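Visitor: Here it is, the structure, as C-alpha cells.
The values are calculated or read from the model by the stated rules, or taken from the named source; none is laboratory data. Remember, it's a predicted structure, so these values are computed and weren't measured experimentally. All Cβ positions, even for glycine, are placed from backbone atoms using ideal geometry, and neighbour counts span all protein chains on display. These area figures cover heavy atoms from the full protein model, side chains too; ligands, DNA and RNA do not enter into them. Shrake-Rupley method; radii C 1.70, N 1.55, O 1.52, S 1.80 Å.
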Amino acid sequence: MHALHEVLHALLNLHTFTLAMPDVWAGFQVNLRMMFVAEALVLVFALAIAIVRGLPGRGAKPLRVLAIAYTDFFRGTPIIVVAFFVGFGLPGLQLGYVSSRSFTTYGIITLTLVYTAYVGEVYRAGIESVHPSQRAAARSLGLSYAQAMRYVVIPQAVRRVVPPLLNDFIGLQKDTAIVSVIGVAEAASLSQQFSTQNGDFASYLVAAMFFILITIPLARFTDHLVAQRERKERALAF
C-alpha cells in the first residue's frame, strides 16, 4: 500500500501539476506552431505528389517513379530516424542558410517530409475514387487534362478524403512530441525536464492533458464527418 501511495503521489501531485502547467503550456505552443505550419505544407506538397503519381503517358514515367520512391522511402522510415537525419544531418553539412535553422524548423521539415508521403496516398485514393467517366466527360467538353483535374476531379477527391486527412493530422499533432529528440523545446521535453528537477511525473500528465484537449475534439469531429457522409450515401442509395 505504501508503494502504491508513493506511485500515486508521484503521478498525481496536484502541487507539481499546477507548477508545471505554465512551462509545459509554453512548450505546447511550440507543438501547435509546428502542427499548423507542417499541416499547411503537407496539404500542398502531398497533393502535388498525388497528382504526379497519376500523370499519364510515358514521358511522365520518371516523375512518377520519383514520386513513388519518395512515398515508399518516407512511409517506410521511422519518423525518429528522419528527425535525426534532418536535425543533425543538415547542420552537419555546413550548407550556410540550410544548416543554420532552428531546431523547430528542422522539426517542421521532419513532419512535413514524413506526412507528405502518407497524405499523398490519401489524396491518391481520393483521386482514383472519382469515376473515370467524369474525367472523360470533362475532356469531351474541351477541357485539358490539367483543367479536368483542377475543376472536376480534385474538388470531388478532396471532399471525399477529409475524414482520413483529419485522422492523419491527429497523428501529426501527436508526433510533434517526437521531434524533441533533436532538441526542440516542446511540451514533452519540458515536462521531462520538470519531472527530472522535481522527482515526480505530474508534469507528464500536464503534457498529456494538452494533447488530449486537441486530439479528442478532432477525433469526434472526424467521426461526425464520417457519419454525415454515410447518411448521405444511404439517402442516395434509396
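Visitor: On the basis of being closer than 27 Å to Ala50 by Cα and hydroxyl-bearing (Ser, Thr, Tyr), does Tyr145 make the cut?
Guide: yes
Visitor: Then there is this: Right, Arg160: among the charged types (D, E, K, R) and either crowded, with 19+ Cβ neighbours inside 10 Å or under 24 Å from Thr112 (Cα atoms) (or both) or not?
Guide: Yes; evaluated as a whole, the condition is true for this residue.
Visitor: Still on this model: Select the helices (runs of 4 or more DSSP H) contained entirely in segment 140-238, then report the ones holding at least 2 residues which are under 22 Å from the mean Cα position of the chain (by Cα).
Guide: It comes to 154-160, 162-175, 187-198, 202-237.
Visitor: Another one. Among the residues in segment 111-122, are any open to solvent by 20 Å² or more (accessible area, probe 1.4 Å), of a type in the set (Val, Ile, Thr) and in contact (Cβ under 8 Å) with a residue 12 or more places away in the chain?
Guide: The answer is yes, given that some residue of segment 111-122 is open to solvent by 20 Å² or more (accessible area, probe 1.4 Å), of a type in the set (Val, Ile, Thr) and in contact (Cβ under 8 Å) with a residue 12 or more places away in the chain.
Visitor: Working only within segment 129-139, note down all residues that are open to solvent by less than 50 Å² (accessible area, probe 1.4 Å) and not in a helix (DSSP H, G or I).
Guide: Within segment 129-139, just Val130 meets the criteria.
Visitor: Tell me yes or no: at least one residue of segment 123-136 is within 22 Å of the chain's Cα centre (by Cα), of a type in the set (Val, Ile, Thr) and closer than 30 Å to Val184 by Cα.
Guide: no
Visitor: If I ask for residues that are surrounded by fewer than 18 Cβ atoms within 10 Å (Cβ to Cβ) and either of a type in the set (A, V, I, L, M, F, W, C) or over 16 Å from Gly27 (Cα atoms) (or both), which ones from segment 182-193 would you list?
Guide: Answer for segment 182-193, where residues must be surrounded by fewer than 18 Cβ atoms within 10 Å (Cβ to Cβ) and either of a type in the set (A, V, I, L, M, F, W, C) or over 16 Å from Gly27 (Cα atoms) (or both): just Ala185.
Visitor: If you don't mind, another one. Quick check on Thr105: is it crowded, with 22+ Cβ neighbours inside 10 Å, at pLDDT 85 or above, among the polar types (S, T, N, Q) and over 21 Å from Arg64 (Cβ atoms)?
Guide: no
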